[in-house]
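Remarks on the structure that follows.
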Amino acid sequence: MQEVKTPSFQEKALEFVKQNIPLIGLIMLIIVMGILSPAFLSSFNILSVMRQASINGLIAFGMTIVIISGGIDLSVGSSLAFSGMVAALLMQAGIPSSIAILGALTAGALVGMLIGLLISKGKLPPFIATLGGMISLRGMTLILSNGVPISRFGDEGLIAWIGRGYVWFIPAPVVILFVMFAVFSVILKKTVFGKHVYAIGGNEKGALLSGINVERNKIFIYMISGFMSALAAVILTSRVNSAVPTAGEMYELYAIAAVVIGGASLSGGKGRASGTIIGAFIIAIINNGLNLLGVSAYIQQLVTGLIIIIAVIADRKK
Amino acid sequence: MHLKMQSIDKFFGPVQVLTNVDFEVKPNEFHALIGENGAGKSTLVKILTGIEHQTSGDVFIDDAPVHFKNVLEAEKMGISIVNQELNLFPEMTVLENLFICKEPVKGLFIDADEERRRAAEVFKRLGINVNLDVPVKTYSVGIQQLIEIAKSLLEEAKLIILDEPTSALTNKEISQLFDVLKVLKKEGKSIVYISHRLPEIFELCDSISILRDGALVVREDIAKMNFESVIKNMVGYELGNLFPDKPTVKPGVCLMEAKSLARAGEFNDISFKLHAGEIIGFAGLIGAGRTELMNALFGVTRFDSGHLEIDGNPVEIKSVAQAKKLGLGYVTENRKEEGLFLDESITNNVLYNNLKALSQYGFVDDKKTESFVDTYTQEVQVKSHSNAQQIHQLSGGNQQKVVLAKWLATHPKILILDEPTRGIDVKSKKQIYDLIFKLKAQNYGVILVSSELVELLGVADRIYVLREGQLMKEMANQNIKDEDIMVHMMGGNTYARG
């Protein structure tokens, strides 16, 4: 038998660093921003950053499951606009906001299910199925809304609270973000479904030969992604008090970025909810911090792009 | 070309795969290279083509010492290989394939006229008619192989290695291939012909080298050999005590009975029986339909027709999940591609196959999982730092033991083992045989698919021989020799080409 030696403190520390590169990146980013701009660390600003991160973070949780399963979901941005519009149209028709929100969430899940069916039963590559979904859902949204935003849902009911409300002093979207973080952590770490997701992404043929129902799981995976887009849609609609047909453009890319910065592998089988929420925070902090420093929006995009590339290189080096 | 390889040794880490091998191909000689799986044929060929490098020993071409650093250098010296898996680009045209990476140019552009002229000349020499402008995939495997041969002629090959060239061909395509080979003979080329099909070797080759366990056993003119002497030299091992004594278990109730199972293009009219406490073996060449049959038994694919009973009840297996529920386990042929999650821990690999047993209300019971996985990895003696170790860090033998552990954990009544000892060390092999006999003693039914006849003879109670999807023979494993099985595998003396 080989001898198993207990690792020294340095080895343990090195191992921790290797396993938590996104977290260390986030801490370093916070320290640098804190030094460059004193306003950054004010409690007001921290909550505001978290609120900014919440929409991307929620979409990215769904994306995390998709990516761990070895897929990709390009439809989330359009799906967000579509379900937001569904909620708006229902409220415009006089339906109570809580039911309208439920309708939007259902619409998002159904759209995801449809895409999941195309991928599992129709054997379309996820890239193609969700690209088609992305473009056609945007079209659907424009048709439903006639291309015009629907605004002003009042200051009453769930639709006012979900994006603009507070729990004690914490913004509601931030609360929802952390609740969902807990839910997704548990799903991925503790549940049979979570294990199926890792197995399918790690070796689809192997998963099939273990008796895992790959098709059914895939449908469910894209349903979850659609549902999370709809949840983000409702929050966004509430925050801006308006459903805009062009909402959510490029959101799919920021969600993928958050997941990838968080250490997930686009080839599947690897990823964590904690990585994704860190990824979402990193993206939000870069934008917020550069704003505070008065850097132009053009340069912000450039920096965000470079950070994504650096993050993936750093992760691969370990 | 006169090729000489002298005293070739090759180690992979501590494992010696070639021992003091001398290999010679004379000018214009058609030379057969024969040996069981794992005898060292492919390693020898890889050294010859510059893919691997010998640990010691020398290679001479026309008496000048050579050392190929890579494939390109071997090609430049006139050695080329036509592999079992063809190296063509299916979506590109025949012409593009023929000149890939070696395109003649005129100024900045590819000189297509020159290509066309040279290609037409080669195909004319070979006496075959091919449309140069269609994608390669439009042609059958047989023609694609001829295209590969044409490609090596365009590269001025003097020695062409053919690795199992006929394994995927129809009889008509084989005739066509042989006609082309006769042209090569006239043009003075040398051939190394690797095949399990002995009749072809006797028809084509001038001489033969036989490898066994990494050493050259014999090099002889083909005229001085016959079917029997070739086989004897090929498998002339000593059984030794690699195989423990078979437990004396009387076969019990019938666990599985198959009647006339068929699936189009894969196998036809297969009937067999498996009893409790019995090990049945399936012998056959690659492509005989053994793995395809197992896939259908396990619900990966479906039977077109036939009748299957498990425990005396007729069943129709529609999914893997159902097969598992009926008490089947399946250790697949390719452990890396199908059997394992290479980047995952040992624990997760066992867990993914036993999620039902290790969860409640959809939640995985981590504590139970830990001790559960321990139980089974210890039973099969997996050697690792801990169960958290990733699979790809384990040796082949230990990886295979994890596969066995994950299936034993499902408590199957019937365990299908497809090439369970392929590519693993002798010690692990022995442990796996011990385990198979333990299962037999515990009244499991075991289906063993193996290309190693010694394994089938050492382990199985009864042996079914498949050839080209047909059941050729069922024999009790009593007083039979490898030759008896091999004759049925290869079609033996009844072999005929249309």
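By DSSP, the beta bridges lying fully in chain B are antiparallel in about 55 percent of cases. Computed about its Cα centre, the charge dipole of segment B:3-235 is approximately 240 debye, with only Lys, Arg, Asp and Glu carrying charge at their Cβ. Which pairs, out of A:Lys123/B:Lys318; B:Lys324/B:Lys427; B:Lys325/B:Lys429, put more than 24 Å between their alpha-carbon atoms? Violating the 24 Å limit, Cα to Cα: B:Lys324/B:Lys427; B:Lys325/B:Lys429.
Taken one residue at a time, the phi angles of segment A:285-301 give Karplus couplings (6.51, -1.76, 1.60, θ = phi - 60°) of 5, 4, 5, 5, x, 5, 4, 4, 7, x, 7, 5, 4, 5, 5, 4, 4 Hz. Gly and Pro are set to x. Bridging of B:Lys124 to lysines at a Cα separation below 26 Å is possible for B:Lys76, B:Lys102, B:Lys106, B:Lys137, B:Lys151, B:Lys158, B:Lys172, B:Lys182, B:Lys185, B:Lys186, B:Lys189, once same-chain residues fewer than 8 apart are set aside. Here the convex hull built on the C-alpha positions of chain B has a volume of 178 cubic angstrom per residue. Summed over qualifying helices (DSSP H, 4 residues or more, each -39500 (n - 2.57)) and divided by its residue number, chain B shows a 222 nm mean residue ellipticity of -9500 deg cm²/dmol. Of the trypsin sites (Lys or Arg not before Pro) found in segment B:2-83, the ones in coil according to DSSP and having at most 16 other Cβ atoms within 10 Å of their Cβ are B:Lys69. Ordered by the number of other Cβ atoms lying within 10 Å of each residue's own Cβ, fewest first, B:Cys205, B:Cys101, B:Cys254 fall into the sequence B:Cys101, B:Cys254, B:Cys205. Looking at the square roots a ≥ b ≥ c of the eigenvalues of the Cα gyration tensor of chain A, which shape do they give, rounded for a/c under 1.5, prolate if a/b is larger than b/c, or oblate? In terms of gyration-tensor shape, oblate.
Quick check: from the Cα gyration tensor, does segment A:218-291 come out rounded (a/c under 1.5), prolate or oblate? Show your work: numbers first, answer last.
Values: a/c = 2.31, a/b = 1.18, b/c = 1.95.
Oblate shape, in that a/c is at least 1.5 and b/c is the bigger or equal ratio.
In plain terms, the C-alpha convex hull of segment B:3-235 casts an average shadow of 13.4 nm² when viewed from every direction.
Classify segment B:155-313: rounded, prolate or oblate, from the alpha-carbon gyration tensor (a ≥ b ≥ c, eigenvalue square roots; a/c under 1.5 rounded; otherwise prolate if a/b is larger than b/c)? Please report the intermediate quantities before stating the final value.
Numbers: a/c = 3.46, a/b = 1.65, b/c = 2.09.
Oblate shape, in that a/c is at least 1.5 and b/c is the bigger or equal ratio.
Backbone amide hydrogens, once placed in the peptide plane, bring A:Ser69 within less than 5 Å of A:Gly269, excluding anything fewer than 5 places away on its chain.
In sequence order, segment A:30-42 has phi-based couplings of 5, 4, 4, 5, x, 6, 5, 9, x, 5, 4, 8, 5 Hz under the Karplus curve 6.51 cos²θ - 1.76 cosθ + 1.60, θ = phi - 60°, and Gly or Pro positions carry x.
Annotation: amide H of B:Leu466 within the under-5 Å range of B:Ala283, B:Gly284, B:Met472, sequence separation 5 or more or interchain, hydrogens built in the peptide plane.
Peptide B:360-366 has a mean shielding of 4, counted as Cβ atoms of other protein chains within 10 Å of each residue's Cβ.
How much length is gained on full extension from B:Glu121 to B:Glu483, taking 0.36 nm per residue of separation minus their Cα-Cα distance? Don't skip to the end; give the middle numbers.
Details: separation 362, 0.36 × 362 = 130.32 nm, distance 4.52 nm.
Taking 0.36 nm per residue and subtracting the Cα distance, the gain is 125.8 nm.
Amide H contacts of B:Val449 (H built 1.01 Å from N, in plane; Pro and chain starts excluded): B:Phe282, B:Leu417, B:Asp418, B:Glu419 sit under 5 Å, all sequence-distant by 5 or more or on other chains.
Averaged over peptide B:348-355, the number of partner chain Cβ atoms lying within 10 Å of each residue's Cβ comes to 6. In percent, rounded to a whole number, the relative contact order of segment B:254-494 is 29, using alpha-carbon pairs under 8 Å and six or more apart.
Within the straight-line cut-off of under 16 Å between alpha carbons, the aspartates and glutamates reachable from B:Lys46 are B:Asp9, B:Asp22, B:Glu24, B:Asp58, B:Glu73, B:Glu75, B:Glu85, B:Asp163, B:Glu164, sequence neighbours fewer than 8 places apart in one chain being disregarded. Averaged over the residues of A:191-201, the number of partner chain Cβ atoms lying within 10 Å of the residue Cβ comes to 5. Here the protein assembly as shown carries DSSP beta bridges of which approximately 60% are antiparallel, counting only pairs with both residues inside. When each full DSSP H helix of chain B is screened for a Cα extent of at least 15 Å along its own axis and an average Kyte-Doolittle hydropathy of at least -0.5, the helices passing are B:141-154, B:171-186, B:396-408, B:426-441.
Simple spin-label estimate for B:Asn70 and A:Ile309 gives 2.7 nm between the two label positions (7 Å along the Cα-to-Cβ direction from each Cα).
Once the convex hull of the alpha carbons of segment A:162-257 is built, what does its volume come to per residue, in cubic angstrom?
On the way: hull volume 11.4 nm³, N = 96.
Enclosed volume per residue, from the Cα hull, is 118 Å³.
Take peptides B:344-353, B:102-111 and line them up by average Cβ neighbours within 10 Å, highest first, as a rough protection proxy. Don't jump to the answer; show the numbers that get you there.
Working: B:344-353: 24.6, B:102-111: 10.5.
Peptide ranking by packing, descending: B:344-353, B:102-111.
Summarising the label geometry, the points placed 7 Å from Cα in the beta-carbon direction at A:Leu292 and B:Phe11 lie 6.1 nm from one another. What aspartates and glutamates sit close enough to A:Lys18 to cross-link, taking a C-alpha to C-alpha distance under 12 Å and skipping anything fewer than 8 places away on the same chain? Reachable aspartates and glutamates: A:Asp315. Under the convention that each Lys and Arg Cβ holds +1 and each Asp and Glu Cβ holds -1, the size of the dipole of chain B around its Cα centre is about 800 debye. From the alpha carbon centroid of segment A:42-105 to that of segment B:13-76 is 62 Å. Spin-label model, A:Val148/B:Lys186: points 7 Å from Cα along the beta carbon direction are separated by 8.5 nm. Where both bridge residues fall in segment B:3-235, DSSP classifies roughly 60% of the beta bridges as antiparallel. The peptide list B:466-478, B:404-416, put in order of mean Cβ contacts within 10 Å with the highest first, becomes B:404-416, B:466-478.
Report the longest stretch of chain A that contains none of the chymotrypsin sites (Phe, Trp or Tyr not before Pro) sitting in a DSSP loop with at most 10 other Cβ atoms within 10 Å. Result for the longest clean stretch: A:1-167. In percent, rounded to a whole number, the relative contact order of chain A is 33, using alpha-carbon pairs under 8 Å and six or more apart.
Can you give the FRET efficiency to the nearest 0.05 for B:Gln470 and A:Ile24, using r as the Cβ-Cβ distance and R₀ = 60 Å?
Numbers: r = 63 Å, r/R0 = 1.04.
With a Förster radius of 60 Å, E is 0.45.
Any read-out appearing in this document is the output of simple, stated calculations on the displayed coordinates, not a laboratory observation. Computed from a predicted structure; not experimentally measured. Cβ atoms come from the backbone with ideal geometry, glycine included; neighbour counts cover every protein chain shown.
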